[in-house]
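Right, one structure below, let's go through it.
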Amino acid sequence: MRQTKIDDFLELEHHNKELEKKIQEEVAKNREKDKLMFQQSKLASLGEMLGNISHQWRQPLMEINSLFLPIEAKLSLTDTLDKEEVLEAIQKLNHITRYMSNTIDDFTDFFSTDKEKIKFKLLEQINSTINIISGGLKAHNIKLDIIIQKNPELIGYKNDYSQVLINIISNAKDILVQRKIENPYIKISIFEENNNIVTTVEDNAGGINVIPIEKIFEPFFTYQKTNGSGLGLFMSKLIIEKNLNGKLEVKNYSQGAFFKITIPKN
Ligand SMILES: Nc1ncnc2c1ncn2[C@@H]1O[C@H](COP(=O)(O)OP(=O)(O)O)[C@@H](O)[C@H]1O
Ligand SMILES: [Mg+2]
């Protein structure tokens, strides 16, 4: 009798250990899946970014071209060249190439994985995000308004915040272009509300035609798009909730879609 009880106990113990191992395995598997999803969504953003970089560089390249046209013309017509003029052109050239180099830095920074959580100023992060995407917006004549009441600091992986902004802005851009909206705009506002830092992004593309609207946060949900991955908003919500302890909400308003990112102040 006694022996069977011990046997039972031992068996139960063995069972528990097995179960524990299984759980650990499943958890590890899930973590792998999460990682893969992150990777996938970053790849999706990479595609969008590459489109942006070409727009971003076209303008300065054209400026460089036009910078030396008059100098070239003068050289072929006369032998004398104004030293001041050349120096001025070189100065402008330096300025433009510095700008191009900064854009590349912002891109590189965005695609390197954050190693540690740091304190960062929201405005700086927004500025480098806009450096990445403004070319793509300008190419489609989309006006970008930024209204900042405060310049709060956050602690976290700064590229996470950028990735979310890029996802939301890219979506707005896609729809504005697709629906051929007149006077298209995207408006970003940053303010503080009840100890939270709030970022809102709104557009005038006419709104999200999905019911219930929360469906857009589901993985692989894409609607009325030719090249959608359906990962952007799913990932954005995950990032805001898991990495920044915040909330990502959406609604339609009279002109279009309205996204609200709420992050508690650290
Ligand atoms: N600003 C917006 N206006 C209208 N529809 C939107 C907007 N943002 C997102 N959507 C809708 O939500 C869907 C999901 O977005 P997302 O998760 O980024 O995936 P994807 O962009 O790859 O389709 C989009 O396919 C689109 O139909
Ligand atoms: Mg998207």
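Miscellaneous remarks
- Flag for LYS173 being more than 8 Å from ligand 1 (Cβ to nearest atom), among the charged types (D, E, K, R) and buried (at least 22 other Cβ atoms within 10 Å of the Cβ): yes
- Single residue of segment 119-148 satisfying the filter (aliphatic (A, V, I, L, M) and more than 12 Å from GLN56 (Cα to Cα)) that is surrounded by the fewest Cβ atoms within 10 Å (Cβ to Cβ): ILE147
- Under the condition of being within 18 Å of ASN159 (Cβ to Cβ) and either β-branched (Val, Ile, Thr) or not in a helix (DSSP H, G or I) (or both), the residues counted in segment 17-73 number 1.
- Filtered residue count, segment 203-221, keeping only those that are more than 20 Å from the chain's Cα centre (by Cα) and either within 13 Å of ligand 2 (Cβ to nearest atom) or hydrophobic (A, V, I, L, M, F, W, C) (or both): 3
- Scanning segment 191-207 for residues that are touching a Lys or Arg at 6+ places or on another chain (Cβ under 7 Å), more than 9 Å from ligand 1 (Cβ to nearest atom) and closer than 18 Å to TYR253 by Cβ gives PHE191, VAL198, THR200.
- Given (1) under 33 Å from the mean Cα position of the chain (by Cα); (2) exposed (fewer than 12 other Cβ atoms within 10 Å of the Cβ); (3) of a type outside the set (Lys, Arg), index of the condition LEU19 fails: (1)
- Scanning segment 219-245 for residues that are closer than 16 Å to LEU43 by Cα and within 12 Å of ligand 1 (Cβ to nearest atom) returns PRO219, PHE220, ASN227, GLY228, SER229, GLY230, LEU231, GLY232, LEU233, PHE234, MET235, SER236.
- Qualifying residue in segment 17-27 (condition: under 26 Å from LEU165 (Cβ atoms), at pLDDT 75 or above and polar (S, T, N, Q)): no
- Residues of segment 155-174 that turn out to be touching a Phe, Trp or Tyr at 6+ places or on another chain (Cβ under 6 Å) and at pLDDT 90 or above, as a count: 1
- Scanning segment 222-241 for residues that are more than 9 Å from ligand 2 (Cβ to nearest atom), surrounded by fewer than 17 Cβ atoms within 10 Å (Cβ to Cβ) and either acidic (Asp, Glu) or at pLDDT 85 or above (or both) turns up TYR223, GLN224, GLU241.
The values are calculated or read from the model by the stated rules, or taken from the named source; none is laboratory data. These numbers come from a predicted model, not from an experiment. Don't worry about glycine lacking a Cβ; one is built from the backbone with ideal geometry, like all the others, and counts go over all protein chains shown.
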